[in-house]
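The values are calculated or read from the model by the stated rules, or taken from the named source; none is laboratory data. This structure is a prediction, so every number in the text was calculated from the model and none was measured. Cβ: placed from backbone, ideal geometry, glycine included. Neighbour counts: every protein chain shown.
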Amino acid sequence: MKFRFIALLSLLLPFTAVSAYAQEAGLAERRAIAAYAKDVWPASEKSIQEAAGFPVAIELNLNSLALPGYADSYTNADYLQNTVIEPVIRSFKAIAADDMGKAALQEKLKSVTILYDEKTAPASNYADGLTFEDGKLTINWKPFSNAGDIEPRTKALTTLLESKL
């Protein structure tokens, strides 16, 4: 009996596994996020790199950012621009405002990953959605949420980076 249960469980596990980010994008979302990545993201990426003062590697985790039911919203400024991109730009500009900051950022920041993990992204304590380890900055903030919180997000990111640079 015990063997049958384990065998049955092993057959079911592959079908019950949840994605790493707990949401599954449909075709409309995958198409819309691909269009965003092609048409909108390059200018945002360039703005982030200009604010940093060097071509830092940036990974935009499209699968995690494509939220079900929001395909029509991806190009809306409140989806990613105000919730993630603008705070990053402002933070990098503040840090790179002088030669010491520019040098520290370029020396220590190796890459940036932008993603959304529903299980761990904070609702408003934005510092909890940030990590900076071994030169890798990871930003885990929910898109299209509290879009007016540009300054609190910027402050959380700037505070983290300044403490690690």
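Residue count for the range 20-53 under the criterion of being surrounded by 14 or more Cβ atoms within 10 Å (Cβ to Cβ) and either in contact with a Cys (Cβ under 6 Å, 6 or more places away or on another chain) or within 30 Å of Met100 (Cα to Cα) (or both): the result is 10.
Report yes if Gly69 is among the small types (Gly, Ala, Ser) and farther than 16 Å from Val112 by Cβ, otherwise no. Yes; evaluated as a whole, the condition is true for this residue. Consider the range 65-117 and keep the residues that are assigned to a loop (DSSP other than H, G, I, E, B) and over 18 Å from the mean Cα position of the chain (by Cα). The one that is farthest from Lys136 (Cα to Cα) is Gly69. Of the residues Thr159, Thr120, Thr138, the single one that is out of contact with any Cys (no Cβ under 9 Å at 6 or more places or on another chain), surrounded by 15 or more Cβ atoms within 10 Å (Cβ to Cβ) and of a type in the set (Ser, Thr, Tyr) is Thr138.
Going by the conditions given, is Leu115 among the aliphatic types (A, V, I, L, M), over 24 Å from Leu27 (Cβ atoms) and either buried (at least 18 other Cβ atoms within 10 Å of the Cβ) or modelled with pLDDT of 95 or more (or both)? The answer is no for Leu115.
Contact annotation: residue pairs with Cβ atoms under 7 Å, 6 or more positions apart or on different chains, pairing a residue in the range 95-107 that is closer than 16 Å to Phe132 by Cβ with a partner that is in a helix (DSSP H, G or I) and of a type in the set (Asp, Glu), are Ile95/Glu162. On the stretch given as the range 53-93, residues that are among the basic types (Lys, Arg) and without any contact (Cβ under 8 Å) to a residue 60 or more places away in the chain total 1. Among the residues making up the range 54-74, those that are surrounded by fewer than 19 Cβ atoms within 10 Å (Cβ to Cβ) and either polar (S, T, N, Q) or at positive phi (or both) are Asn61, Asn63, Gly69, Ser73.
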